[in-house]
1. At most 13 other Cβ atoms within 10 Å and a DSSP loop assignment: could you name the chymotrypsin sites (Phe, Trp or Tyr not before Pro) in segment 239-296 that fit?
2. Put a dot 7 Å past each Cα toward the Cβ at residue 41 and residue 116; how far apart are the dots in nm?
3. Measure up 6/361; 28/261; 6/292; 36/200; 34/286 against 20 Å on the Cα-Cα distance and list the ones that go over.
4. For segment 153-199, which trypsin sites (Lys or Arg not before Pro) pass both filters: DSSP loop (anything but H, G, I, E, B) and at most 16 other C-beta atoms within 10 Å?
5. Skipping prolines and chain starts, which residues have an amide H placed within reach, meaning under 5 Å, of the one on residue 95, given they are 5 or more residues away or on another chain?
6. Helix-only mean residue ellipticity at 222 nm, the chain, DSSP H runs n ≥ 4 weighted -39,500 (n - 2.57), per residue, nearest 500. What is it?
7. From Cα pairs below 8 angstrom and at least 6 apart in sequence, can you work out the relative contact order of segment 11-206, rounded to a whole percent?
8. Go through segment 358-369 residue by residue and turn each phi into a ³J(HN,Hα) via Karplus (6.51, -1.76, 1.60, θ = phi - 60°); whole Hz please, and just put x for glycine and proline.
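Any read-out appearing in this document is the output of simple, stated calculations on the displayed coordinates, not a laboratory observation. Computed from a predicted model, the values in this text were never measured in an experiment. Note that we place each Cβ from the backbone using ideal geometry, even for glycine, and neighbour counts take in every protein chain shown.
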Amino acid sequence: MIARQKIDFHKRFVLEFVRELFLLKLVKGKYQHKFKTRFSQFVGLRHCSLVSSGRAAFCLILRVLNLKKHDEIILSSFNTPIVMNVIEKYGIKPVFVDSSEDNYNINPDLIEEKISSKTKAILVTHIEGYPCDMDSICSIAKKYNLQVIEDCAHAIGSRYKGRQVGTFGATSFFSFGISKHINTVKGGAVLTNDKEINNKINKLLNNLKSESIFSVSHKFIKYVIVSLLTNDIMYYLFVNPLIRLFRLFGFDILYYLFEDKGDNHQDKIKVLSNFQSFMGLYQLNKFDFSFKKIRNNVNNYKKYLSTSVKFQTSKYHAHPSYLNFTIRLKNRDYVIKKLMSNGIDIQKTWMHSLNCLNYSKKLSNEVLYLPIHSSIIKKDIVKISTLINKFKS
Ligand SMILES: Cc1ncc(COP(=O)(O)O)c(C=O)c1O
């Protein structure tokens, strides 16, 4: 039985939670400063602010860059509805650009024709950790005097031509959501080298409420439950049978339960708590080790999948961090069913075609994620690849 996703359980988090609970340090404490400093060093930018989610970080950016009602922001059509909902919440108009065929990211050749006198910024999303073509995007932004905002929610540790993503635009934001490279259950960061932007963000943050002990505890409990349910034994006994049962009715229960469109805007902007900062710092310190395993899994897929299977690639020197390893199949839904009947649980992409542009629509219908988490071993990859080679059309 192979699970689509695994949330690693760290005993250290339980011990730290109990310690901070007794010392009344769950909300505020030394780890906030430590994680902030380490994360900004890791990305290579001077200023970092830790907040309650990636979308909260993006809200802050829109506010400090002074984007107003009726301004326009250019973004990739193959994207998450979460960012579109944030943009629309501020009355800003999203202007969609189709994707590139190789890396699924915004196609720089199609950006200029979408620029108008109202365009203020380009939102650049490094999909699944694959870096966008930043040279082309930055030169367009310079020519038209536009701000570049980098959405690095998928891209902690990704590099474009040797340089970390997140360092190209005026500001960038990251997500520490439950399925991200660094998981603080919910969380995010805004990074910049611009002192003025940083001062404005700090001013906004000073007026915000902190998380409550109750909400930090709630997140910790959620972490324990999800990590236990994705543990190999629990997955085998409970989760997989449930997925199979719902699949009989053509329903992917996990996809349905965890799909996040960001449309109920309950997610208030808050400062990331001390306990969550501890979780972030712990995983950041192990990042290179975890990433080595992911890269090894990806290389094995590339070795065992038939050469006719298409996956994300790049024309330039890219070092993706692979939030997910994606492939494209015309008969995706049929292959997902076939793999499930062989004990392998894989899922279609979370990304959507936000306004049905040609290529992004194709991607939303064809992309699926192959498991690369910490329980996956070479034998699993050979099995998955063999079945995909057999059933793909
Ligand atoms: C591309 C992208 N941007 C932004 C976000 C928002 O991040 P968060 O869920 O931390 O608010 C997500 C969430 O998954 C995402 O996939």
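1. Numbers: sites: 246, 249, 251, 255, 256, 258, 275, 278, 282, 287, 289, 291; in loops: 249, 251.
For chymotrypsin sites (Phe, Trp or Tyr not before Pro) across segment 239-296 that sit outside H, G, I, E and B with at most 13 neighbouring Cβ atoms in 10 Å, the list reads 249, 251.
2. It works out to 4.7 nm between the two label points.
3. On the way: 6/361 28 Å; 28/261 30 Å; 6/292 17 Å; 36/200 17 Å; 34/286 15 Å.
Those over the limit are 6/361; 28/261.
4. 161
5. Under 5 Å from the amide H of residue 95: 73, 74, 75.
6. Computed mean residue ellipticity for the chain: -13000 deg cm²/dmol.
7. Details: 358 pairs, mean separation 46.5, N = 196.
Worked out over segment 11-206, it gives 24 percent.
8. 2, 6, 5, 5, 4, 4, 5, 8, 10, 7, 9, 9
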